[in-house]
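Working notes for the structure below.
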Amino acid sequence: MILPETELAAYLEANLAGFRGPLVATKFKGGQSNPTYLVEAASGKYVLRRKPPGKLLPSAHAVDREFRVLQALHGGPVPVARPLHLCSDESVIGSMFYLMEFVDGRVHWDPSLPDLSPAQRAAHYEAIIATLAALHALDPAAIGLADYGKPGNYFARQVHRWTEQYRASETEAIPAMEALIERLPARCPADDGRVSLVHGDFRIDNLMFAHDQARVLAVVDWELSTLGHPLADLGYFCMALRLPRNPALPGLAGLDRAALGIPSEDALLARYSELSGQPAPADWSFVLAFSFFRLAAIAQGVAKRARQGNASSEQAAQAGQMTALLAGLGASALEG
């Protein structure tokens, strides 16, 4: 997905104060959904996020929602890149996009953090859980996001939504997904009134760290963010502990995590509970099963886009093949 650099530079010079071209745009690796580019211009470095071209699922790839969240969070306790400009005119590059500042940080693609020492790994996981707790401590109304999602019954609504999304991109029958679609609605917990801004894709490769310390510089990829139950983010992050080692979605299953310095699932839950002031989840099995189900539905969407030829990442087809594995892990988690 090559950007029209001359046209983009002319547009940004006319619409973003201080921007000067010419520019060169280079697509980042990864990003299964919204293509992301490093933009190097005469006035400095920037990052551009765009909707992918082609026919898209309803409500997906909402870069305008991402931009709104960045505006709400920038300068607060949850670090994000500074948002600069949102362009809804699809004629400029072929789809809606936004520009944000370039953050000079380090992305860890593998949750095992192979280049770090055990002490450094422990410190990074502490920073991750602290960042998550800080996100969930925010009052959505206080940062202008009171209307960013529907209130109440979050898990029930999400199960329904992702069932619809899965059906819209379904390519073959997967028994474990059918089992989850049948059983999850009855296992949804009663609404306990907890509502926070949830990231929706909170995993280690959506965090940018300082190069020389365990400090989160920016949380990125807010496409799936909404108002919801904070346990959804916690369950999603903890899936990595149970995912097998694989090139598409690297997991930690089978590794000696204690020797690596990576906290256990119980330790992560306890630390989150301590930092958030909230009790441990009453039905952690459901939270995990829901998380695997949701990610399986997302992976199936990636698979469908790969078949259509408009998926963002070169690994899209491989990630899409993860649907059955993820559904199986979800079905197993539901058994407790």
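The values are calculated or read from the model by the stated rules, or taken from the named source; none is laboratory data. Please read these numbers as outputs of a predicted model, since none were measured by experiment. Glycine gets a Cβ as well: all are built from the backbone with ideal geometry, and neighbour counts include every protein chain shown. Accessible surface is based on the protein model in full, side chains and every heavy atom, while ligands, DNA and RNA are left aside. Shrake-Rupley method; radii C 1.70, N 1.55, O 1.52, S 1.80 Å.
Structure values in brief
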item	result
Hits in the range 280-296 - residues which are surrounded by fewer than 17 Cβ atoms within 10 Å (Cβ to Cβ) and either in a helix (DSSP H, G or I) or at positive phi (or both)	Ser285
Hits in the range 84-119 - residues which are over 26 Å from Leu73 (Cβ atoms), small (Gly, Ala, Ser) and in contact with a helix residue (DSSP H, G or I) (Cβ under 8 Å, 6 or more places away or on another chain)	Ser112
Test: residue in the range 228-237 that is buried (at least 17 other Cβ atoms within 10 Å of the Cβ), assigned to a strand (DSSP E or B) and not basic (Lys, Arg)	yes
Residue that is surrounded by the most Cβ atoms within 10 Å (Cβ to Cβ) [pool: residues in the range 179-211 that are within 13 Å of the chain's Cα centre (by Cα) and of a type in the set (D, E, K, R)]	Asp201
Complete set of residues in the range 260-279 that are under 23 Å from Asp115 (Cβ atoms) and open to solvent by less than 30 Å² (accessible area, probe 1.4 Å)	Gly261, Ile262, Leu268
The range 35-54, residues that are of a type outside the set (Val, Ile, Thr) and closer than 15 Å to Asp104 by Cα	Tyr37, Leu38, Glu40, Gly44, Lys45, Tyr46, Leu48
Selected residue (only one of Ala81, Ala25 is aliphatic (A, V, I, L, M), over 26 Å from Leu243 (Cβ atoms) and without any contact (Cβ under 8 Å) to a residue 40 or more places away in the chain)	Ala25
Options Arg121, Arg161, Arg215; residue that is farther than 14 Å from Phe293 by Cβ and under 19 Å from the mean Cα position of the chain (by Cα)	Arg215
Residues (buried (at least 18 other Cβ atoms within 10 Å of the Cβ), small (Gly, Ala, Ser) and either assigned to a loop (DSSP other than H, G, I, E, B) or free of Cβ contacts under 8 Å to residues at least 24 places away in the same chain (or both)) located in the range 100-148	Ser112
Sole residue being open to solvent by less than 40 Å² (accessible area, probe 1.4 Å), of a type outside the set (Lys, Arg) and in contact with a Lys or Arg (Cβ under 7 Å, 6 or more places away or on another chain), chosen from Ala240, Ala214	Ala240
Selection within the range 250-259 - within 21 Å of Leu329 (Cβ to Cβ) and either out of contact with any Leu (no Cβ under 6 Å at 6 or more places or on another chain) or open to solvent by 30 Å² or more (accessible area, probe 1.4 Å) (or both)	Pro250, Ala253, Gly254, Leu255, Asp256, Arg257
Single condition Glu265 does not satisfy, out of (1) out of contact with any Leu (no Cβ under 7 Å at 6 or more places or on another chain); (2) of a type in the set (Asp, Glu); (3) modelled with pLDDT of 95 or more	(1)
Filter pass, Phe237 being aromatic (Phe, Trp, Tyr), under 20 Å from Tyr125 (Cα atoms) and touching a residue at least 12 places away in the same chain (Cβ under 8 Å)	yes
Residues satisfying the stated conditions in the range 118-159, i.e. touching a Leu at 6+ places or on another chain (Cβ under 9 Å) and basic (Lys, Arg)	Arg121, Lys150
Residues satisfying the stated conditions in the range 149-178, i.e. surrounded by fewer than 17 Cβ atoms within 10 Å (Cβ to Cβ), among the aliphatic types (A, V, I, L, M) and part of a helix (DSSP H, G or I)	Ala156, Ala168
Test: residue in the range 32-42 that is in contact with a Leu (Cβ under 9 Å, 6 or more places away or on another chain), open to solvent by 30 Å² or more (accessible area, probe 1.4 Å), part of a loop (DSSP other than H, G, I, E, B) and at pLDDT 95 or above	yes
